[in-house]
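The values are calculated or read from the model by the stated rules, or taken from the named source; none is laboratory data. Computed from a predicted structure; not experimentally measured. Here Cβ is always computed from backbone atoms with ideal geometry, including for glycine, and neighbour counts include all displayed protein chains.
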Amino acid sequence: MLKSGRSRRIQVSTSGAQAAAFFREIARTRTVWWVRDDDGSPTPVSSSGQPAFPYWSSKTRAQHAAQLWGHQFRAVPMPLDHWRSAALPDLAKDNFRVGMGLLHGLSSTGEMRTTDGGSKAGHCVIS
């Protein structure tokens, strides 16, 4: 798990095992993956009706999603430190959810909403 220096507040849903695996893998590789084309990244709508920005824990999984969404999409790596310090706070500011392992924009292995403005990936609510 990611170390943040604070106690963790995590609510686990039925996809808790997948979310835990996601965090273990990104902590090990220090990389998260996202999918984009020349115009940006797809942002499916979450079950709460909010847009969700999808991320994956491996290049293979992100490439699979890119292939499913269309030939114009590609998998792009992001350093974990940048994700935690810049991407998550920006998404929180814009009221985006964070999707983990989204495929087709219809299902996911989990979705998290940061409870601390996005600066610590270890502080989240899995829903």
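Output the residues belonging to region 33-49 that are within 14 Å of the chain's Cα centre (by Cα) and in a loop (DSSP other than H, G, I, E, B).
Selection gives Ser41, Pro42, Thr43, Pro44, Ser46.
With the structure loaded, tell me whether Ala62 is hydrophobic (A, V, I, L, M, F, W, C) and crowded, with 18+ Cβ neighbours inside 10 Å or whether it fails that test.
yes
Residues that are under 13 Å from the mean Cα position of the chain (by Cα), surrounded by 12 or more Cβ atoms within 10 Å (Cβ to Cβ), in a strand (DSSP E or B) and at pLDDT 90 or above: does region 7-30 have at least one?
Scanning region 7-30 turns up no residue that is under 13 Å from the mean Cα position of the chain (by Cα), surrounded by 12 or more Cβ atoms within 10 Å (Cβ to Cβ), in a strand (DSSP E or B) and at pLDDT 90 or above.
In region 65-98, what residues are within 13 Å of Pro54 (Cα to Cα), small (Gly, Ala, Ser) and outside any helix (DSSP H, G or I)?
Ala75
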